[in-house]
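Worksheet: the structure to be examined is printed underneath.
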Amino acid sequence: IFTCILCTQITFFAHDSCIYVPKQYKEIIKKSGNICPNVNADIIATLVEHESKWNNNAISQVGAKGIVQFLPSTFKTVGIDADGDGKADINNPKDTIYSAASWLCQLDAQMQKNIDSGKVTGNSLELALAAYNAGPNAVLKYGGIPPFSETQNYVTNIIEHAHLPRCK
């Protein structure tokens, strides 16, 4: 049985149970969920759960690191010092969670512009999640969510889990 750490304000589910959000990340998830309208705390927590299951030491086969699985080259460009220690650190989960939310907001805005100009079709948040997973160029190349099963499943899983009912 999981305890919903953020119930009443933010709650996350996976497979009919509440996703456990470690206490030490409660505030950064809330803060990250207020950067832009489309990327709320539910989306961010579900993304973290999906990327690493809250494991800050996770490393992917392609070299993505940490709790939100940033490629070091991407983090150099979009990394933010969220904890105020003077350094945007790919090994600091507070920095990377906030950076992931900020990056997702940037991708959402970029995808909305691409929708408006007719370069892509779809929902801006879903396209932003696809861009987070496969890269913005892949979304542009295919005019929407790329035909990669990993990316399609990624988008579907995050959207479905982030929009399940909240616990009481």
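We did not get these values from a lab; they are worked out from the coordinates using the rules stated. Note that the coordinates shown come from a computational prediction; the quantities given were computed from them, not determined experimentally. Cβ coordinates were reconstructed from backbone atoms using ideal geometry, including for glycine residues, and neighbour counts include every protein chain displayed.
Of the residues LEU129, ALA100, GLY118, the one whose Cα sits farthest towards the positive end of the charge dipole of region 35-168 is GLY118 (charges of +1 on Lys and Arg Cβ, -1 on Asp and Glu Cβ, taken about the Cα centre).
In sequence order, region 103-114 has phi-based couplings of 4, 5, 5, 5, 5, 4, 5, 4, 5, 4, 4, 5 Hz under the Karplus curve 6.51 cos²θ - 1.76 cosθ + 1.60, θ = phi - 60°, and Gly or Pro positions carry x.
The 3J(HN,Hα) values that the Karplus relation (6.51, -1.76, 1.60; θ = phi - 60°) gives for region 146-154 are, in residue order, x, x, 9, 4, 4, 5, 4, 5, 4 Hz. Gly and Pro appear as x.
Residue-wise HN-Hα couplings along region 32-40, as the Karplus relation 6.51 cos²θ - 1.76 cosθ + 1.60 with θ = phi - 60° gives them from phi, are 5, x, 10, 6, 8, x, 7, 9, 8 Hz; Gly and Pro carry x. Distances between placed amide hydrogens fall under 5 Å for PHE70 paired with LYS65, all partners being 5 or more residues away or on another chain. Its Cα centre serving as origin, region 41-83 has a Cβ charge dipole (Lys and Arg +1, Asp and Glu -1) of approximately 220 debye. Cross-link pairs exceeding 31 Å in C-alpha to C-alpha distance, out of LYS94/LYS119; LYS23/LYS113; LYS23/LYS141; LYS26/LYS65, comprise LYS94/LYS119; LYS23/LYS113; LYS23/LYS141.
Taking Cα centre as origin and charging only the Cβ of basic (Lys, Arg, +1) and acidic (Asp, Glu, -1) residues, the dipole magnitude of region 55-168 rounds to 140 debye.
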